[in-house]
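Below is one structure, written out as structure tokens, with a few remarks after it.
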Amino acid sequence: MKENFIRYALDNAAIVVMTDARGTITFANKKFCEISGYSKEELVGFNHRILRSGIHRREFFRMMYQKITAGHIWHGEICNRRKDGSLYWVDTTIVPHIAGAGTVDGYVAIRFDITTRKELEEELQINIKHLETAANTDFLTDLPNRRLFSQHMEDLINRSGKESGTFHLAILDIDLFKEINDSFGHEMGDYLLKVIASRLRAVMDDHVFIARLGGDEFGIILDRERSVENLELFEKILDAVREPISIGSITRYSSASMGCAAFPQHGKDAASLLQAADIALYRAKALGRDRVEVFNNESMQAVKRKSQLLSDVDIGLRSEEFMFFYQPILYPASCPAISFEALARWHHPQRGIVSPADFHIALTDPATCAIFGLYMLDHVFVDMATMRARGIRFGRVGINLTNADFRSDVFLERFFNRCTETGIGPEQFSVEVTETMLLGRDQRRVERGLQQLHDAGVEVVLDDFGTGYASLTHLREFPIDRLKIDRRFVSNIETSSEDYVIVRGIIDIAHGLGKTVTAEGIETAQQAKILLDMRCDSLQGWLFSKACALEDLYSAVQEIPEILRKLDCQPAMKAQAPHLA
């Protein structure tokens with residue numbers, strides 16, 4: 001009675017099937033028929049193999065049969081196939097029936113349907129894979145991201161280290177991307193990244209791994225032994241970036257800079273390898289962009305020199321070792337007063353007077369540049385007060401600004417406070433900005449700052465006009481009062497018809513827009529005469545005076561009337577004489 005009850009309960013709760021020693025079905029309960037889709041008549045007398053799904057490998061069944069034929073109970077999960085072809089999973093326990101002689105003459109399989117659980121597990125695994133893919137994929141370009149790139153690099157380092165292998169790492173940076181992004185909008189910037197990513201993806205294979213590291217920076221790992229082949233592929237990648245990009249009816253061109261490092265020659269771990277590639281990238285940009293540079297000791301030394309220079313400049317600013325020389329700007333035909341441009345010099349304790357060419361790299365650091373701007377402002381105000389005290393009357397003093405001066409309101413607030421404190425008004429200043437400042441990521445802030453200065457009476461000067469990326473539209477949109485023609489055009493004006501036409505064109509356009517023009521870098525009387533014939537408003541250069549220290553400025557200015565007389569600028573010279581006393 002008790003055994004019958006147990007069999008009844010088991011039959012209603014579990015899927016039960018019995019087979020002989022060869023696997024022929026001798027009994028199948030109702031639940032077995034329901035889940036398999038077969039009737040008892042279709043099951044009994046047939047081998048259990050009719051339910052095989054094909055999911056499990058032969059080894060799976062070999063291990064199972066080896067255990068149960070030895071008289072041991074087997075437990076596991078099996079996927080079977082229904083009569084209609086669909087699959088189902090069962091948690092299975094197979095109990096061998098051992099005859100009196102100690103041999104196995106049959107088996108009882110007790111099963112429970114776990115199909116729902118397995119489907120949930122499978123769905124969970126799919127979701128996990130999707131999450132892993134999302135976690136390792138850049139959402140914009142669909143390339144691997146920095147996380148997967150770092151993991152891949154670590155795997156290669158571990159493998160290559162054991163096998164004494166090598167690979168190359170490169171960092172690619174899109175040239176002037178920030179200017180493109182800021183000038184044409186983020187949508188355009190994103191589109192550019194997608195296009196370049198698709199071109200990079202085209203060169204990927206089992207030995208080329210490419211990822212977007214962030215912003216406009218991409219990482220490339222070449223798992224190949226031959227360096228020559230790797231460098232050729234790097235050039236191929238740069239060529240792909242250079243291909244024109246069509247945006248509606250507009251065609252644009254782009255370029256990229258790359259820095260390359262090799263494992264283990266340039267770094268034996270990920271951090272040092274990335275640092276080496278970064279240093280090589282910095283050198284590629286310093287050499288003019290649109291190129292690939294391989295890390296070498298010279299690049300490392302350049303980084304160390306910059307680091308040391310930053311430290312020295314910081315000390316120099318704290319010790320007030322920086323001073324300002326002043327170069328005259330003359331207005332022969334219109335203004336009797338001489339103006340000046342303030343030019344920085346470093347009175348180095350060991351090297352003597354150092355020009356900006358030897359320390360300008362330090363000023364590419366935004367923080368250092370911002371500090372330098374405030375330092376310049378304070379010292380120029382002091383120098384202007386000294387000029388007044390020494391009887392040097394002047395029109396304006398020009399100071400050179402950078403993006404760093406506009407990244408906060410500190411510079412402008414300091415300027416206007418100094419004007420109030422010293423009694424030197426904004427109308428006695430001009431500020432010189434470069435064309436790239438009108439295109440950079442701080443364009444709007446620069447525009448607002450220049451407008452504030454202009455409204456207060458400060459003259460705004462666009463320096464090195466014609467050598468950068470600014471367009472005539474910027475002359476209309478920004479509060480520009482004066483253009484400075486770059487010395488590269490002026491130096492050849494006597495011998496180059498092309499430069500002659502360019503200079504004359506710049507002067508005519510500026511005058512047509514109601515702006516004045518300064519030509520800088522004038523070294524000969526003939527250059528000055530040609531420019532005056534073109535109605536150039538003001539002149540600057542060694543012909544009149546080099547930039548000189550404040551204590552030498554008075555004597556330098558006294559010599560200018562004679563130079564102007566030789567240029568046949570008699571009316572202006574006579575008017576200027578009282579202002580030199």
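Here's a check for you: in segment 357-381, which residue that is β-branched (Val, Ile, Thr) and surrounded by 15 or more Cβ atoms within 10 Å (Cβ to Cβ) is modelled with the lowest pLDDT? Looking at the filtered set, the residue picked out is Ile361.
For segment 495-516, the criterion of being closer than 19 Å to Leu543 by Cβ, among the polar types (S, T, N, Q) and in contact (Cβ under 8 Å) with a residue 40 or more places away in the chain is satisfied by no residue at all.
For segment 279-297, filtered to residues that are open to solvent by 70 Å² or more (accessible area, probe 1.4 Å) and touching a residue at least 12 places away in the same chain (Cβ under 8 Å), the residue that is nearest to Lys546 (Cα to Cα) is Ala286. Filtered by the rule that a residue be open to solvent by 40 Å² or more (accessible area, probe 1.4 Å) and either out of contact with any strand residue (DSSP E or B) (no Cβ under 9 Å at 6 or more places or on another chain) or not in a strand (DSSP E or B) (or both), segment 74-85 gives Arg82, Lys83, Asp84.
Applying the condition of being open to solvent by 10 Å² or more (accessible area, probe 1.4 Å) and either outside the structural domain of Ala362 (by the TED database) or farther than 23 Å from Thr518 by Cα (or both) to segment 399-410 and asking which residue is modelled with the highest pLDDT yields Val410.
Among the residues of this structure, Ala385 does not count as one that is open to solvent by 10 Å² or more (accessible area, probe 1.4 Å) and in contact with a Lys or Arg (Cβ under 9 Å, 6 or more places away or on another chain). Whenever a residue of segment 256-267 is in a loop (DSSP other than H, G, I, E, B), its partners that are of a type in the set (Ser, Thr, Tyr) and open to solvent by less than 10 Å² (accessible area, probe 1.4 Å), lying with C-beta atoms within less than 9 angstrom and at least six residues away or across chains, give the pairs Pro264/Ser160. Among the criteria (1) charged (D, E, K, R); (2) surrounded by 15 or more Cβ atoms within 10 Å (Cβ to Cβ); (3) part of a helix (DSSP H, G or I), the one Arg49 does not fulfil is (2). Gln308 satisfies every condition listed in (1) under 27 Å from Ile174 (Cβ atoms); (2) surrounded by fewer than 14 Cβ atoms within 10 Å (Cβ to Cβ) except (1). Of all residues in segment 86-104, those being part of a strand (DSSP E or B) and either within 22 Å of Asp11 (Cβ to Cβ) or free of Cβ contacts under 8 Å to residues at least 40 places away in the same chain (or both) number 12. Per this entry, Lys129 is counted among residues that are among the basic types (Lys, Arg) and outside the structural domain of Asp11 (by the TED database). Of all residues in segment 339-362, those that are under 24 Å from Gly541 (Cβ atoms) and in the same structural domain as Val431 (by the TED database) have Cβ atoms under 7 Å from Cβ atoms of residues that are modelled with pLDDT of 95 or more and not in a strand (DSSP E or B), 6 or more apart or on another chain, in Ala342/Val380; Ala344/Met376.
All conditions in (1) in a loop (DSSP other than H, G, I, E, B); (2) open to solvent by less than 80 Å² (accessible area, probe 1.4 Å) hold for Gln527, with the sole exception of (1). If you go through segment 421-440 one residue at a time, how many are of a type outside the set (Asp, Glu), surrounded by 15 or more Cβ atoms within 10 Å (Cβ to Cβ) and outside any helix (DSSP H, G or I)? Looking only at that region, the number is 8.
Inside segment 550-568, residues that are outside any loop (DSSP other than H, G, I, E, B) and either without any contact (Cβ under 8 Å) to a residue 60 or more places away in the chain or more than 21 Å from Ala342 (Cα to Cα) (or both) make up a count of 10. When each of Arg418, Arg390, Arg414, Arg396 is tested for being within 19 Å of Arg445 (Cβ to Cβ), among the charged types (D, E, K, R) and open to solvent by 20 Å² or more (accessible area, probe 1.4 Å), the lone residue that passes is Arg414. All conditions but one from (1) hydrophobic (A, V, I, L, M, F, W, C); (2) open to solvent by less than 30 Å² (accessible area, probe 1.4 Å); (3) farther than 22 Å from Glu341 by Cβ apply to Val458; the one that does not is (3). The set of residues in segment 205-220 being within 19 Å of Val294 (Cα to Cα), open to solvent by 20 Å² or more (accessible area, probe 1.4 Å) and not charged (D, E, K, R) consists of Phe209 alone. Residues in segment 110-166 that are touching a residue at least 24 places away in the same chain (Cβ under 8 Å), part of a helix (DSSP H, G or I) and under 22 Å from Ile220 (Cα atoms): Arg146, Leu148, Phe149, Ser150, His152, Met153, Glu154, Leu156, Ile157, Ser160, Gly161. Beta carbons closer than 7 Å, at least 6 apart along the sequence or on distinct chains, pair a first residue in segment 440-459 that is touching a residue at least 12 places away in the same chain (Cβ under 8 Å) and in the same structural domain as Phe416 (by the TED database) with a second that is hydroxyl-bearing (Ser, Thr, Tyr) and buried (at least 18 other Cβ atoms within 10 Å of the Cβ) for Val458/Ser430; Glu459/Ser430. Give me the residue from segment 311-345 that is charged (D, E, K, R) and surrounded by fewer than 13 Cβ atoms within 10 Å (Cβ to Cβ) and, out of that set, nearest to the chain's Cα centre (by Cα). Filtering segment 311-345 for residues that are charged (D, E, K, R) and surrounded by fewer than 13 Cβ atoms within 10 Å (Cβ to Cβ), the one nearest to the chain's Cα centre (by Cα) comes out as Arg318.
Residue-level check: of (1) under 30 Å from Glu187 (Cα atoms); (2) not in a loop (DSSP other than H, G, I, E, B), Gly288 misses just (2).
Return the residue satisfying two criteria in turn: it lies in segment 377-420 and is more than 40 Å from the chain's Cα centre (by Cα) and among the small types (Gly, Ala, Ser), and of such residues it is nearest to Ala456 (Cα to Cα). Per the criteria, the residue is Gly395. Across segment 236-269, the number of residues qualifying as among the hydroxyl-bearing types (Ser, Thr, Tyr) and either over 24 Å from Met204 (Cβ atoms) or more than 16 Å from the chain's Cα centre (by Cα) (or both) comes to 4. Taken as a whole, segment 346-356 holds at least one residue that is farther than 23 Å from Arg407 by Cα, buried (at least 16 other Cβ atoms within 10 Å of the Cβ) and at pLDDT 90 or above.
Evaluating Gln265 against the criteria (1) among the polar types (S, T, N, Q); (2) over 13 Å from His168 (Cα atoms); (3) modelled with pLDDT of 85 or more leaves one unmet condition, (2).
The values are calculated or read from the model by the stated rules, or taken from the named source; none is laboratory data. Here the structure is a predicted model, which means the values were calculated and not measured. Don't worry about glycine lacking a Cβ; one is built from the backbone with ideal geometry, like all the others, and counts go over all protein chains shown. These accessible areas exclude ligands, DNA and RNA; they are computed on the full protein's heavy atoms, side chains included. Shrake-Rupley method; radii C 1.70, N 1.55, O 1.52, S 1.80 Å.
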